[in-house]
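The values are calculated or read from the model by the stated rules, or taken from the named source; none is laboratory data. All figures in this text were calculated on a predicted structure; none of them were measured in a lab. Here the Cβ positions follow ideal geometry from the backbone for every residue, glycine too, while neighbour counts run over all protein chains shown. These area figures cover heavy atoms from the full protein model, side chains too; ligands, DNA and RNA do not enter into them. Shrake-Rupley method; radii C 1.70, N 1.55, O 1.52, S 1.80 Å.
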Amino acid sequence: MELLASGRDADVYAIDRDRVLRRYKGQHNSAGEKTIMARLHTLGFPVPRVYSARQRDLIMERLYGPSMVEALVAGDLEAERAGLMLAELHQRLHKLPAPVPNKPDHRVLHLDLHPGNVIITSKGPVVIDWRNSRTGEPGLDRAVTGVILAHVAAGDSILAAPARALLAAYREALGEPLSHVREAMAFRAADGNLTEAERNELSRAEALLV
């Protein structure tokens, strides 16, 4: 199979024109991810259709189009529009019915919604990589996105300046201050994929969220 993408957690292979295989590199049971994505697809939220899940493998709908990161770097998408798009995706997700009846304030959270996990298709943006998803308070989901953007903005890469513009646009589009920032910082710090250099940059990210 053709390797389409390789990330820290998983590789994505083309099966045919309509399907891809997402294979996690570590020990991971993808059944829970399939359940959440299937529910979101039924409710009309833009996620890839999932055909099957077995242990660390997910077979899903193949998407065509650049990631939001690729569109930003290519100059095909402005930071202001990207920030609005991220905010709108969060708003759509958090307006869906509460998944836990006795916790009406809880919603499905993505907890990794950033430009690398949004594919710009001909039908609109589609959100991928639901490995971190769980239920909880929506404010934490928005704060995690803010922390991820601030983390990149606080670094020294060529993406730092675009990330600062995107963070400002995202916060403006939300129309309210970020809550749960400390919790989101701890969540990000617990990511085992971060390098030592990235952890050092993370310590500077919180200042951009005040």
Checklist entry - What relative contact order, as a whole-number percentage, does the chain give when Cα pairs under 8 Å and 6 or more residues apart are counted? => result 16 percent
Checklist entry - Tell me, what HN-Hα J-couplings in whole Hz come from the Karplus equation 6.51 cos²θ - 1.76 cosθ + 1.60 at θ = phi - 60° for each residue of region 100-115, using x for Gly and Pro? => result 10, x, 8, 10, x, 8, 8, 9, 6, 10, 7, 6, 6, 7, 9, x
Next on the checklist: Between Glu198 and Glu78, what's the calculated FRET efficiency when r is the beta-carbon distance and R0 is 25 Å? Round to 0.05.
Outcome noted: 0.40
Checklist outcome for this item: Note, region 73-82: 3J(HN,Hα) by Karplus (6.51, -1.76, 1.60, θ = phi - 60°), whole Hz, Gly/Pro = x, goes 5, 6, x, 8, 9, 7, 4, 5, 5, 5
Checklist entry - When Lys and Arg each count +1 and Asp and Glu each count -1, what net charge do the other residues less than 11 Å away from Ala169, Cβ to Cβ, add up to? => result 0
Checklist entry - Quick one: accessible area per residue over the chain, 1.4 Å probe, rounded to a whole number of Å²? => result 53 Å²
Item to check | Mean ellipticity per residue at 222 nm, deg cm²/dmol - from DSSP H runs of n ≥ 4 across the chain, formula -39500 (n - 2.57) | outcome: -12500 deg cm²/dmol
Next on the checklist: On a full-extension model of 0.36 nm per residue, what is the gain between Tyr64 and Val100, subtracting their alpha-carbon distance, rounded to one decimal in nm?
Outcome noted: 9.6 nm
